[in-house]
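S.K.: Below is one structure. I have some questions about it.
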Amino acid sequence: MATTLDIARDNPNAQTITPLRPVEVMGEDKPTLVGLNREELAEAMASIGIAEKQRRMRASQLWHWLYVRGVSDFSLMTNIAKDLRAKLAETFSIARPEMVDEQISVDGTRKWLFRFPPRGAGRPVEVETVYIPEEGRGTLCISSQVGCTLTCTFCHTGTQKLVRNLTSEEILSQILMARDRLGDFPDATTPQGAAVPSEGRLVSNIVMMGMGEPLYNFENVKKALLIASDGDGLSLSKRRITLSTSGVVPEIFRTGDEIGCMLAISLHAVRDEDRDILVPINKKWNIEALLDACRNYPGLSNAKRITFEYVMLKDINDSNQDALELVHLLKGIPAKINLIPFNPWPGSQYGCSDWERIEEFADIVNRAGYASPIRTPRGRDIFAACGQLKSASERMRKKDREALAAG
Ligand code: SAH
Ligand code: SF4
């Protein structure tokens with residue numbers, strides 16, 4: 001925990017890979033088929049004149065190619081007639097975003113910077129996605145927005161104004177790109193290749209814990225996660241998909257009811273006066289309202305617990321009294337408590353609690369019967385840890401600007 005920002009950032013062992021250009025990079029011109037649900041895919045088939053009785057079959061074929069085989073090029077869809085493939089390619093896009101940067105941490109964590117073309121009159125946007133390999137599983141941390149409307153005082157993303165919501169295509173593309181880069185799709189050039197069985201996959205878990213507040217982009221997040229968990233496609237179990245919210249209370253029930261994924265709550269404080277400052281959305285929906293929504297989360301049980309995230313901020317929220325109140329607050333809610341050592345960023349006003357303090361806090365929570373893993377900071381050397389996102393793209397732009405200024 002003594003890792004300081006500068007030492008970590010300047011780690012000479014962190015690798016940077018020269019970006020590879022995927023087969024097809026998204027343009028601005030054609031409508032995409034990625035991120036459409038089955039009905040919309042069938043409608044897209046209708047729009048190019050496919051007979052009604054063939055539409056569902058064609059939509060299923062496309063679904064398989066897009067999400068089981070992971071292709072980004074119509075010409076690889078070998079069970080579709082050549083002229084139809086050509087027609088599809090002329091009309092639609094299934095291309096990937098541009099990969100602007102890929103960094104691999106000394107601990108194996110990877111961070112990608114993806115660029116998506118403008119939507120409407122907007123500008124291209126850049127999004128960060130992080131992959132965290134662990135013993136027996138690999139977790140992909142994906143973004144739901146560029147920037148955030150909220151301003152949690154300990155979070156770097158919170159200092160970047162909302163640029164825009166990501167579309168369902170852009171949310172899903174982060175999963176598709178990560179699987180491409182990790183070699184987690186079957187070899188697309190082998191027509192008979194089978195899907196990678198879920199046990200053998202590198203991306204086994206998804207967390208909506210990247211940039212943005214997913215419940216302020218509910219419809220797109222829902223659409224993307226329902227496609228990601230579809231059993232005939234990417235086939236990620238809903239038990240392995242976790243959505244983290246700062247506490248958008250009115251959308252919490254729908255998250256369980258309509259998406260059915262696991263829920264994580266960014267709690268971070270046990271008293272309203274403290275949470276009002278750390279997580280300002282608390283002024284709208286306070287701790288009591290938030291915990292009521294948690295108690296009513298569909299499917300909540302000991303087998304399907306809510307994760308409460310708690311960032312450890314030195315002398316702010318880390319006393320034994322805080323730990324005791326935390327335990328008291330969560331009484332009766334099937335819960336796990338995830339203690340997150342604060343990850344500093346340039347200009348942040350907080351410090352991370354000392355390691356002994358975190359352990360004592362964890363002991364109190366543990367003794368009360370809650371699992372309370374301390375989240376090991378991952379990928380700090382590449383600035384990929386919780387709450388540090390945004391910086392890479394900003395830093396790069398600054399570097400670009402400086403290079404330009406130097407002529
Ligand atoms: N907006 C959502 C999801 C993204 S943040 C939310 O707030 O839940 C993912 C997690 O990282 C949240 O629990 C967030 O509070 C935490 N986090 C943000 N900044 C952090 C930092 N600097 N150090 C440690 N955790 C941080
Ligand atoms: Fe937004 Fe979550 Fe960061 Fe708060 S912690 S500013 S909600 S991304």
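The values are calculated or read from the model by the stated rules, or taken from the named source; none is laboratory data. It should be emphasised that the depicted structure is a prediction, and the values quoted were computed from it without experimental measurement. Please note: Cβ atoms are built from the backbone with ideal geometry, for glycine as well, and neighbour counts cover all protein chains shown. With ligands, DNA and RNA removed, areas are computed over all heavy atoms of the protein, side chains included. Shrake-Rupley method; radii C 1.70, N 1.55, O 1.52, S 1.80 Å.
S.K.: Got a number for residues in region 135-145 being within 12 Å of the chain's Cα centre (by Cα) and away from ligand 1 (no atom under 13 Å from the Cβ)? Before you say what the answer is, go through the steps one by one.
M.R.: Going residue by residue through region 135-145, those that are within 12 Å of the chain's Cα centre (by Cα) are 139-145.
Remaining after also requiring away from ligand 1 (no atom under 13 Å from the Cβ): 140.
Number satisfying all stated conditions: 1.
S.K.: Can you pull out every residue in region 272-293 that is touching a Cys at 6+ places or on another chain (Cβ under 9 Å) and not β-branched (Val, Ile, Thr)? So that I can check it myself, show each step before the final result.
M.R.: Quick first cut of region 272-293, residues touching a Cys at 6+ places or on another chain (Cβ under 9 Å) only: 278-281.
Passing the criteria: Leu278, Pro280.
S.K.: Restricted to region 191-203, and to residues that are open to solvent by 30 Å² or more (accessible area, probe 1.4 Å) and modelled with pLDDT under 70, which residue is farthest from Ser75 (Cα to Cα)?
M.R.: Among those that are open to solvent by 30 Å² or more (accessible area, probe 1.4 Å) and modelled with pLDDT under 70, it is Glu199.
S.K.: May I ask you to list the residues in region 72-91 that are within 20 Å of Pro117 (Cβ to Cβ) and either hydroxyl-bearing (Ser, Thr, Tyr) or crowded, with 20+ Cβ neighbours inside 10 Å (or both)? Working first, answer last.
M.R.: Step one: of region 72-91, the residues within 20 Å of Pro117 (Cβ to Cβ) are 72-74, 88-91.
Within region 72-91, Ser72, Phe74, Leu88, Thr91 meet the criteria.
S.K.: Determine whether Arg69 is at pLDDT below 95 and open to solvent by less than 50 Å² (accessible area, probe 1.4 Å). Before you say what the answer is, go through the steps one by one.
M.R.: Working: at pLDDT below 95: yes; open to solvent by less than 50 Å² (accessible area, probe 1.4 Å): yes.
Criteria met by Arg69.
S.K.: So Leu236 passes all but one of these: (1) touching a helix residue (DSSP H, G or I) at 6+ places or on another chain (Cβ under 7 Å); (2) over 18 Å from Met209 (Cα atoms); (3) more than 16 Å from ligand 2 (Cβ to nearest atom); (4) outside any helix (DSSP H, G or I). Which condition number does it fail?
M.R.: Only one criterion in (1) touching a helix residue (DSSP H, G or I) at 6+ places or on another chain (Cβ under 7 Å); (2) over 18 Å from Met209 (Cα atoms); (3) more than 16 Å from ligand 2 (Cβ to nearest atom); (4) outside any helix (DSSP H, G or I) is unmet by Leu236, namely (2).
S.K.: Which of the residues that make up region 342-375 are hydroxyl-bearing (Ser, Thr, Tyr), in contact with a strand residue (DSSP E or B) (Cβ under 9 Å, 6 or more places away or on another chain) and within 15 Å of ligand 1 (Cβ to nearest atom)?
M.R.: Of region 342-375, the ones hydroxyl-bearing (Ser, Thr, Tyr) are 348, 350, 353, 370, 372.
Filter again for in contact with a strand residue (DSSP E or B) (Cβ under 9 Å, 6 or more places away or on another chain), leaving 350, 353, 370, 372.
Residues satisfying the conditions are Tyr350, Ser353, Ser372.
S.K.: Within region 359-379, how many residues are open to solvent by less than 50 Å² (accessible area, probe 1.4 Å) and closer than 15 Å to Ile306 by Cβ?
M.R.: 3
S.K.: Here is a further query. When His268 is evaluated against the numbered criteria (1) at positive phi; (2) away from ligand 1 (no atom under 16 Å from the Cβ), which criterion, by number, is the only one it fails?
M.R.: Exception for His268: condition (2).
Per-residue answers, yes or no, for (1) within 16 Å of ligand 2 (Cβ to nearest atom); (2) assigned to a loop (DSSP other than H, G, I, E, B):
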residue: Gly212; (1), (2): yes, yes
residue: Lys223; (1), (2): no, no
residue: Gly231; (1), (2): no, yes
residue: Ile252; (1), (2): yes, no
residue: Asp257; (1), (2): no, no
residue: Ala269; (1), (2): yes, yes
residue: Cys294; (1), (2): no, no
residue: Tyr297; (1), (2): no, yes
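S.K.: Can I ask one more? Collect the residues in region 149-190 that are among the β-branched types (Val, Ile, Thr) and either open to solvent by 50 Å² or more (accessible area, probe 1.4 Å) or under 16 Å from the mean Cα position of the chain (by Cα) (or both), keeping them in residue-number order. Spell out how you get there, then give the answer.
M.R.: Applying the first criterion (among the β-branched types (Val, Ile, Thr)) to region 149-190 yields 149, 151, 153, 157, 159, 163, 167, 171, 175, 189-190.
Within region 149-190, Thr149, Thr151, Thr157, Thr159, Val163, Thr167, Ile171, Ile175, Thr189, Thr190 meet the criteria.
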